[in-house]
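Written out below as structure tokens is the structure these notes cover.
Bear in mind these aren't lab numbers, they're just calculated from the coordinates by the rules spelled out. Just so it is clear, the structure is predicted and the values come from calculations on it, not from any experiment. Here the Cβ is made from the backbone with ideal geometry for all residues, glycine too, and neighbour counts use every protein chain on show.
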């Protein structure tokens with residue numbers, strides 16, 4: 001009986017490994033194809049000849065992107081947006097999650113505040129009232145329009161996740177701190193936050209990915225191209241040059257460039273920062289999600 005279970009367990013492990021490898025390949029192949037397409041020639045891309053390797057290898061798409069001064073400006077705006085957005089998220093989430101993790105006995109207004117927070121996640125005034133609000137607050141063409149509006153979209157979910165994580169921490173820790181004379185601020189800063197690195201890293205990752213990938217609010221709240229974040233900029237970028245002012249080398253390079261290869265370069269550059277950041281936070285991800293999603 002034990003032997004049969006052992007064989008069945010090994011078969012299950014093999015099947016599970018094959019499935020995971022297949023899923024991994026499915027996720028990696030589109031990224032690899034995008035990279036190969038971005039390095040390919042215009043004719044190969046148009047003919048659909050590009051597979052897993054570049055055809056007619058060249059760097060024209062990346063040269064075109066890097067020669068755009070606006071590219072670096074938009075890149076810097078996106079970096080500012082991510083830093084400010086993730087920073088505010090990391091500040092507000094534990095400050096709200098800690099009191100909301102208490103019982104009604106400890107915090108009498110808990111249910112009222114919690115339902116008010118959830119209400120904002122389920123219902124909103126729509127795009128036009130949001131635009132008018134930002135305009136009346138004089139935040140048009142401001143980085144804060146992107147940070148505040150975008151941050152509000154993910155804040156409630158992150159609060160709920162962190163609140164449930166706090167609830168799963170052993171209550172005897174806080175009881176011992178109270179006996180020693182610790183106050184709420186000391187307990188939060190010295191006890192809860194150090195123990196909450198997994199969930200805080202997880203919600204920070206959510207915030208970083210959202211602020212980096214979101215492009216719609218850049219179109220709505222930014223009326224001039226120099227204020228576009230990177231994702232909005234690359235959505236609008238097309239090949240537009242004056243042939244009369246081009247050198248022979250520039251003309252040759254542009255003749256080998258197409259919107260398809262340029263779009264592939266845009267997509268890959270847009271993915272690159274998240275691909276770099278994710279491995280550093282991935283080790284906290286599963287632990288933070290698991291503990292933060294379980295409610296006692």
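Here is how the number arises for the chain: DSSP H runs of 4 or more residues each give -39500 (n - 2.57), the sum is divided by the residue count, and the result at 222 nm is -24000 deg cm²/dmol.
If you run the Gaussian network model on the chain, springs between alpha carbon atoms under 10 Å, then out of 52, 262, 20 the most flexible one is 20. Extension gain for the segment residue 103 to residue 144, taken as residue separation times 0.36 nm less the Cα-Cα distance, is 11.3 nm to one decimal.
With the simple spin-label model, which puts each label point 7 Å out from Cα in the Cβ direction, the residue 173 to residue 121 separation comes to 2.2 nm. Between the beta carbons of residue 197 and residue 18, assuming R0 = 30 Å, the FRET efficiency works out to 0.30 to the nearest 0.05.
Sorted fewest first by neighbouring Cβ atoms within 10 angstrom, 68, 214 come out as 68, 214. For P(r) over Cα pairs in 10 Å bins from 0, in percent, the value computed from the atomic coordinates appears in the list (1) 5, 20, 23, 22, 17, 9, 4, 1, 0; (2) 5, 21, 29, 22, 13, 6, 2, 0, 0; (3) 7, 30, 37, 22, 4, 0 under label (1).
Under 8 Å for C-alpha pairs, at least 6 residues apart: give me the relative contact order for the chain, rounded to a whole percent. Don't jump to the answer; show the numbers that get you there.
Details: 296 pairs, mean separation 88.8, N = 296.
Once normalised by length, the contact order is 30 percent.
As a calculated quantity, the FRET efficiency between residue 9 and residue 29 at R0 = 35 Å, using C-beta atoms, amounts to about 0.70. Among 131, 233, the ranking by other beta carbons within 10 Å of each residue's beta carbon, starting with the fewest, stands as 131, 233.
If you take the beta carbon distance between residue 131 and residue 70 as r and set R0 to 25 Å, what does 1/(1 + (r/R0)^6) give as a FRET efficiency, to the nearest 0.05?
After rounding to 0.05, the efficiency reads 0.55.
Annotation for residue 271 and residue 180: the two label points, set 7 Å from Cα along the Cα-Cβ direction, are 4.8 nm apart.
If each residue of separation counts as 0.36 nm, what is the full-extension length gain between residue 152 and residue 47 once their alpha-carbon separation is subtracted?
Values: separation 105, 0.36 × 105 = 37.80 nm, distance 4.43 nm.
Full extension of this stretch gives 33.4 nm more.
Between the C-alpha center of the range 130-185 and that of the range 58-72 there is a gap of 38 Å.
Counting beta carbons within 10 Å around each of 186, 98 and listing the fewest first gives the order 186, 98. Is the shape of the range 2-47 best called rounded, prolate or oblate, per the rule: a/c under 1.5 gives rounded, else a/b larger than b/c gives prolate, else oblate, with a ≥ b ≥ c the square roots of the Cα gyration tensor eigenvalues? Note, shape of the range 2-47 comes out prolate.
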